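The structure appears below as structure tokens.
Just so you know, all these numbers are worked out from the coordinates, no wet-lab data involved. Keep in mind that what you see is a predicted model, and the values were worked out from it rather than measured. Cβ placement follows ideal geometry from the backbone for every residue including glycine, while neighbour counts extend to all protein chains displayed.
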Amino acid sequence: MPGLHKMNHAGLHFLRKLYENNPEMPFSQMLPIYNKEAKVRGWVCLRSSGTIGYHLTTMGLYQRGTRIPLPDPKRGLEIIELSTANRKALMTMFGVSSALLSLILRHKRNGNKAEGIRKMALKLGGTRYVKAVIANDTVTL
């Protein structure tokens, strides 16, 4: 079983209780809670929320694909346009590819750096376009 060496019985028991108390909590929110408790108790900290999902599945508490992911409220409603030179500057500054930068600026990706990249894009002179829905008609502002 991959990842089994990372967690001891007490850690698994803590995850079970955490999941039973709030089964709709995303695993990415469970990860820092588990890691905080792991530091206090001397357990190994986890780097991936997928490990939590794996162990909850093997314990029979969670079945993969049964949850609906939390949607990004701005997905597809906000776009930031930026010049090519500024895009290249952002790519080197944050170490992201052109494709990933494009997805971030269209709110289709939300990683650790996404909000920082969007803020920096606006500081570098990017233009934010917001799509608004008025009486069932789509209008771009």
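Miscellaneous remarks
- Sum of side-chain charges, Leu18 neighbourhood, beta-carbon under 15 Å (Lys, Arg +1; Asp, Glu -1): +1
- Computed on segment 4-58, with alpha-carbon pairs under 8 angstrom and 6+ residues apart, the relative contact order is 43 percent.
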